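Working notes, beginning with the structure itself.
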Amino acid sequence: MTPPLRPHGRRERGVATLFITVVLLLSVGLIALYTSRSAVAEQRLSANEVRAKQALAAAHAGVDHALAYMRNGGLDHDNDDVVDTIAANTLTSAGGTPSYYRVLYVDSSLALPICPSSRTGTFAAGAPVVPTEVMAVSCGWSDDDSSVQRVVQRLTATPSTGGAISTPLVTRGTTNLLTGGASLLNFFNDLTVWSGGSLLGQSNTGKTFIRDRVTNPTADQNFDYRNTGNSPACNNPPGGYTCSTQGSVLGHDTVGGDTNLSSKSVDQFFQYFMGQTPTTYRENTATWVVDTNNTLSTQNSTNVGSIDGMKNNVIWVEGNLTLPNLGTADRPVVLVVTGNLQLSSNAVVYGLVFVMGNVTGNGNPKIFGSLISAGTASASGNPIIVYDPLALGRAANLGRAVKLPGTWRDW
Ligand SMILES: [Ca+2]
């Protein structure tokens, strides 16, 4: 008797079904595994992307910090001739995850530092030697240091005068500066006083000096034109100079009663020399604003002492000022005083001094550059003003820094 075939065929079909089921289950399992793996990878990718964005945003914040710092007092706030360092910063987001940045001012002629993988790693570069134009190199890190991004941006100062100034003393009103023992010197051209008013009250000790064309036929900028001594005298002029005006005998180097100056309003007079209206200049160009009257809505300080010894800044003083030491030959200043300027000291100033009010006093200051007054100049001391094209040239580009367009890069 042959055994029935049916059960055997049923068993075979059962095995096949089981096999297919197992294969299907395996496939589903593999698909599930694959999907979950790629979901994890995607999650990781998007987390990386979030962290990269976080780091880049932090790096941008660093550049903005460097720019804001430079626009408010320049690169050397403590006047030690060393470019300041900006401390490392932590940013906290709305979600509570922190990010970090460190930013350096770097001389654009030097190699730019790369960002360390850890936010506490070494990040340093040579200090800039040209303090009015620098590269800001900023590194940003994500919360876990897994992403680090670098942003580089050139920061450059803007013009701080309206054009070349060629006279040691300019006044819109009367020039009475030679009443005392003032000495005005110009080694480079034959103009020492340019006045909208008359030149009054010269004493025998007030004098002007111009270049001695016999000993110095050319106006060489390498000549030591700043060496005037403490009390230059007409019968013994400083080296390279010759006396032109003494007492009431005015030399050809003095111009009085010029209606081109006297017909201007104070604002027009300011704009003529500084290239902008006073308000625009204060808001966009001044790098340090002192408000002694406490009438402005924004200022850097209300303490006039905050400007003592400043270099490489465009200083705006709202109110009156007694002239302090300011600038050096290499790091001059632009000083704007909206009130009166008192010369009662032995201050030494390099750069351009612009006074909206009157110049008064009786001190013995020295100004290497130019003194411009929208009022009158009447001082009885022994001020010495030396026209200084080198200091003025450097003072002409000290305005509030901007990001130089086209110099941004995130690598
Ligand atoms: Ca410093």
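Each value in this text was obtained by applying a stated rule to the coordinates, not by laboratory testing. Remember, predicted model here, so these are calculated numbers, not experimental data. Here Cβ is always computed from backbone atoms with ideal geometry, including for glycine, and neighbour counts include all displayed protein chains.
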Under a 5 Å amide H to amide H cut-off, with H placed in plane at 1.01 Å, what residues pair with Leu335 once short-range neighbours are removed? Ile315, Leu352, Val353, Phe354
What are the residues whose amide H is under 5 Å from the amide H of Asn397, where those residues sit 5 or more places off or on another chain and H is modelled from the backbone? Ser160
Report, by chain and number, residues whose modeled amide H sits under 5 Å from the one on Leu169, excluding near sequence neighbours (fewer than 5 apart, same chain). Trp194, Leu371
From phi via Karplus (6.51, -1.76, 1.60), per-residue ³J(HN,Hα) for the range 17-23 in Hz, x at Gly/Pro: 4, 4, 4, 4, 4, 4, 4
Which residue fluctuates most in the GNM of the chain (Cα springs below 10 Å): Gly121, Gly197, Gly14? Gly14
Summing -39500 (n - 2.57) over the DSSP H runs of n ≥ 4 in the chain and dividing by its residue number, what mean residue ellipticity at 222 nm do you reach, to the nearest 500 deg cm²/dmol? -8000 deg cm²/dmol
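Neighbour counts of other C-beta atoms within 10 Å: give me Phe270, Phe123 arranged from fewest to most.
Ranked by crowding around the Cβ, least crowded first: Phe123, Phe270.
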Give the lysines whose C-alpha is closer than 25 Å to that of Lys53, dropping any in the same chain fewer than 8 places away, or say none. Lys403
From the phi of every residue in the range 108-121, what ³J(HN,Hα) in whole Hz does the Karplus formula 6.51 cos²θ - 1.76 cosθ + 1.60 yield, where θ is phi - 60° and glycine or proline is x? 5, 7, 9, 5, 7, x, 8, 7, x, 5, 9, 5, 9, x
Cβ charges +1 (Lys, Arg) and -1 (Asp, Glu), total dipole of the chain, debye: 1740 debye
Along the positive direction of the dipole of the chain (beta-carbon charges: Lys, Arg +1; Asp, Glu -1; about the Cα centre), which of Leu341, Ser118, Gln271 reaches farthest? Ser118
So, with points 7 Å from each Cα along the Cβ direction, the Ser46-Ala68 label distance in nm works out to 3.2 nm
Percent of beta bridges antiparallel (DSSP, the range 154-294, rounded to nearest 5): 40 percent
Which residue, chosen from Ser142, Ile210, Ala164, occupies the Cα position most advanced towards the positive end of the dipole of the chain, where the dipole is computed from +1 (Lys, Arg) and -1 (Asp, Glu) charges on Cβ about the Cα centre? Ser142
Could you check which residue among Val255, Val28, Val334 shows the biggest mean-square fluctuation in a GNM of the chain with a 10 Å Cα cutoff? Val28
Considering the dipole of the chain built from charges on the beta carbon (Lys and Arg +1, Asp and Glu -1) around the Cα centre, which of Ile86, Val386, Tyr241 is farthest to its positive end? Ile86
How long, wide and thick is the range 169-395, going by the Cα atoms along their three principal axes, in whole angstroms, largest first? 54, 35, 29
Residues in the range 338-377, backbone N under 20 Å from the label point at Asp258 (7 Å along the Cα-to-beta-carbon vector): list them, ranges by number please. 351-359, 367-377
Compute a Gaussian network model of the chain, connecting alpha carbons closer than 10 Å, and tell me which residue from Asn284, Asn358, Asn227 fluctuates the most. Asn227
In whole angstrom, note down how far apart the Cα centers of the range 320-366 and the range 270-314 are. 14 Å
Cα-Cα pairs in the range 57-159 separated by more than 17 Å, as a whole percent of all pairs, come to 50 percent
Which whole-Hz couplings ³J(HN,Hα) result when phi for each residue of the range 274-288 is put into the Karplus expression 6.51 cos²θ - 1.76 cosθ + 1.60, θ = phi - 60°, listed in order with x for Gly and Pro? 9, x, 9, 5, x, 5, 4, 4, 4, 6, 10, 10, 4, 9, 8
Please list the three semi-axes, largest first and in whole Å, of the ellipsoid equivalent to the chain, using sqrt of 5 times the eigenvalues of its alpha carbon gyration tensor. 74, 19, 16
Rounded to 5, the percent of DSSP beta bridges in the chain classed as antiparallel: 40 percent
